[in-house]
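One structure is given below, encoded as structure tokens.
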Amino acid sequence: MTTDSARARPTKPTVVLWDWLRQNLFNTWYNAIISVVIAFLLYQLLSNLLGWLLTTQGWIAVLTNIRLLFVGRYPPDQVWRVEVVVALIALLTGLSGGVWKGIVRNLATGFGLILFVLSLIAFTFPNDGFNPMIAAPIFLLGSSALLALGIWGGSRIAERLRIPLIISWVLLYPIGILIIRGGVGLPVVETNLWGGLLLTLILSSSGIILSFPLGVLLALGRRSDLPIVKGFCIAYIELIRGIPLVTVLFMAQLMLPLFLPDQVRIDSVVRAMVAVTLFSAAYLAENVRGGLQSLPRGQAEAARALGLNSVQTTLLITLPQALRAIIPVLVGQFISLFKDTSLVVIVGLIDLLGIARTIYSQAEWKDFTGGVWRETLFVVAVIYWIFSFTMSRTSKKIEEKMSVGYR
Amino acid sequence: MADQTNQEPIIICEGVNKWYGEFHALRDVSIRVRRGEVVVICGPSGSGKSTFIRTINRLEEHQQGTIIVDGIEMTNDIRNIDAIRRETGMVFQQFNLFPHLTVMQNITLAPIWVRKKTRKESDAKAKELLERVGIVEQAQKFPGQLSGGQQQRVAIARALAMEPRIMLFDEPTSALDPEMVKEVLDVMKELARGGITMLCVTHEMGFAREVADRIVFMDHGQIVEEGNPEQIFSAPQHERTKLFLSQIL
């Protein structure tokens, strides 16, 4: 009786908890044993984990070094520049959320919430003993307010904002880098001082932004009729795919200077960017090629029969469909690129993971019972997870949205 | 319909040959199509009729012989090929609509990018064409939301939007459910009566009998027999034609 009504109205299960337990977990004697054992293990795991999370004193290491975690050895009196860039991103994200609604607004809301929660946390730890970022709580709260303002303003004048916003996003990367590095009127902060989350985000966003067009070009080149272009693309892709990222990073650090004149000195962050980009582009090219090959031949034929030339056919017909088909694969690749940037530690750059190691090996935690490496690594893992999870959820939402009307 | 005045031909094919590796797909195909003529090409599968119609807009390359379309000779020069493609519309067996674009965008794409027309102009023209093929209410949908018959009618409208002088149909009804064949054939009949030059590969003999000026029968990559519908249907000359017609009718 109960099951029947449950089947008829699946949204309102009328099955009581005990019935559900008996039907699913304790229906036979061996299932009952397995259930009990698993429940016990789960209880042990969760209670120990929660106990540790709530009682450990090691968080103090993370809190004391919060600035280090976020920006590395970036000079404290210049950190406001990073804050300006974050505030800019918050404003642009907010405006975009207001203009485009849907997925973009969800992203903006999520970002705003994180900023807001961080500001609350920062407020509860004012400058007493610890040394958080200068004026961090106010900056964080301000950014989230800016973001909210952006959503509100963006939705009011959506029509006029679209094109300026797209241009702003395109300009954000160079301008952001310029503000962080300095030069024009601002004191230069050498890239060897960049570190922590800042470095991780700069490396991975550069990798994603730069490797995307490069990868698409390589994929198109590999399908080209011109033998030299095709040969070059195949050789490049197969060479890079045949060696590990660590090797590419080392090559960029050690071999690149050999090929360049003595006067040209490229700093190691740029070299790492180049390495990550070149590496990622080869894999991206193969993914894009897969997408292009999955299209029926008739698509290109129909476009050519209509009189579109080959460039138009590629840009208007085949490439958009191919990219749409490989969104999940692309995002998967971007997620792994984001995490792979932690390998730059071995060429002497101190990214998010590198800074974690710096923090837990500081002398002041030497006498701390059990050390503070668990807490530090836990926080770093949470940060990595937030970014990766956001990317993967967003890709899923984009997929869902695009499949509407597609079938 | 059956205009017997001697006009200059719009399509001239002379001794066209094509090989796929060792396989001789087209053997010395020669045909002249007059302006406004409706030619139906039929024959058993594998007879080269689709290959032939696809050589006319260079979706297949021919290796020997000449093809001249509307005074432009088909050479390896991409400009000539593009010029010919602008004059010829093609409708495929598998529709080949662009699934990421709406019906409206499918139709206006080529006029905007190839003919350099304004969006407003092309939209108006697309509306008119959709009315003509009877599905103006589907303009904002995506191809995947339409039935096969509707998709094929959109494909016809898309080809017509370029205002071609010649329409090539490559088995336009073969992938359709039987109940949708008629709606597509009706559109094609209306087109044929409108005076456009049509080359049509099809097995729809009723359609051929009704609107064709000429029927061309192909087998093994060559033209076996051609003539007006009465000739072909009532008194086929060639054994192969007789056999084929007896199987299909």
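No lab work stands behind these numbers, since they all come straight from the coordinates. Every value quoted in this text rests on a predicted model; they were computed, and no experiment measured them. When we count neighbours, we look across all protein chains shown, and the Cβ atoms used for this are built from the backbone with ideal geometry, even at glycine.
A few remarks follow.
- Net dipole in debye of chain B [+1 Lys, Arg Cβ; -1 Asp, Glu Cβ; about Cα centre; nearest 20]: 760
- Farthest toward the positive end of the dipole of region A:227-384, out of A:Leu260, A:Val344, A:Asn309, is the Cα of A:Asn309, where the dipole comes from beta carbon charges about the Cα centre.
- Peptide B:82-90, shielding by other chains (average Cβ, 10 Å cutoff): 3
- Chain A: most fluctuating residue of A:Ile89, A:Ile121, A:Ile335 per GNM, C-alpha cutoff 10 Å: A:Ile121
- Pairs of lysine residues in chain A - Cα separation under 25 Å, sequence separation of 8 or more or cross-chain: 5
- Under-5 Å amide H pairs with B:Thr197, H placed in peptide plane, nonlocal only: B:Gly36, B:Met167
- Residues B:Asp177, B:Asp123, A:Asp367 arranged by fewest to most Cβ contacts within 10 Å: A:Asp367, B:Asp177, B:Asp123
- Residue of A:Leu245, A:Leu68, A:Leu46 that the Gaussian network model of chain A assigns the largest fluctuation, springs spanning Cα pairs under 10 Å: A:Leu46
- Crossing angle, helix B:119-132 versus chain B [Cα axis fit, 0-90 degrees, rounded to tens]: 60
- Remark: spin-label model distance A:Val311-B:Tyr20 equals 3.3 nm, labels positioned 7 Å along the Cα→Cβ axis.
- Shape call, region A:146-271: gyration tensor on alpha carbons, a/c limit 1.5: oblate
- Space enclosed by the convex hull of the alpha-carbon atoms of region A:275-315, per residue, Å³: 58
- Region A:311-407: Rg to Rh, with Rh as the Kirkwood radius over Cα pairs: 1.22
- Between the amide H of B:Ile10 and those of B:Val33, B:Arg34, B:Arg35, distances stay under 5 Å, these residues lying 5 or more places away or on another chain, with hydrogens modeled in the peptide plane.
- Cβ-placed point charges (K, R +1; D, E -1), dipole of the protein assembly as shown about Cα centre in debye, nearest 20: 1380
- Each listed q (0.17, 0.18, 0.22 Å⁻¹) maps to a log10 I(q)/I(0) for region B:146-249 from the Debye sum over equal C-alpha point scatterers, namely -0.84, -0.93, -1.23.
- Adding -39500 (n - 2.57) for every DSSP H run of four residues or longer, then dividing by how many residues chain A holds, sets the calculated 222 nm ellipticity at -23500 deg cm²/dmol.
- Straight-line reach from B:Lys182: taking Cα to Cα under 25 Å and skipping same-chain neighbours fewer than 8 places apart, the lysines in range are B:Lys49, B:Lys125, B:Lys127, B:Lys141.
- In region B:65-162, a dipole from Cβ-located charges (positive for Lys and Arg, negative for Asp and Glu) runs towards its positive end, and of B:Thr66, B:Met104, B:Asn76 it is B:Met104 whose Cα lies farthest in that direction.
- 222 nm mean residue ellipticity, helices alone, for chain B (DSSP H n ≥ 4; -39,500 (n - 2.57); rounded to 500): -11000 deg cm²/dmol
- Considering only the protein assembly as shown, percent of DSSP beta bridges that pair antiparallel, nearest 5: 55
- Counted charge near A:Asn106, where neighbours are those whose Cβ lies closer than 10 Å (Asp, Glu -1; Lys, Arg +1): +4
- Each Lys and Arg contributes +1 and each Asp and Glu -1, all at the Cβ; summed about the Cα centre of region A:291-407, the dipole is approximately 500 debye.
- Shown for chain A are the DSSP H helices of 15 Å or more along their axis, judged by Cα atoms, with a mean Kyte-Doolittle hydropathy of at least 1.0: A:29-55, A:79-100, A:102-124, A:136-156, A:158-181, A:196-222, A:227-241, A:327-340.
- B:Ile68-B:Lys120 FRET efficiency (beta carbon distance; Förster radius 25 Å; 0.05 resolution): 0.10
- Based on alpha carbons, the Rg and Dmax found for region A:44-176 are 17.8, 57 Å.
- Once the Cβ-Cβ distance of A:Leu54 and A:Ser388 is raised to the sixth power relative to R0 = 30 Å, the FRET efficiency obtained is 0.70.
- Placing pseudo-labels 7 Å out from each Cα toward the beta carbon at B:Glu239 and A:Lys401 gives an inter-label distance of 6.7 nm.
- Signed unit charges on C-beta, dipole axis of chain A, positive-most listed residue A:Val372, A:Gln321, A:Trp18: A:Gln321
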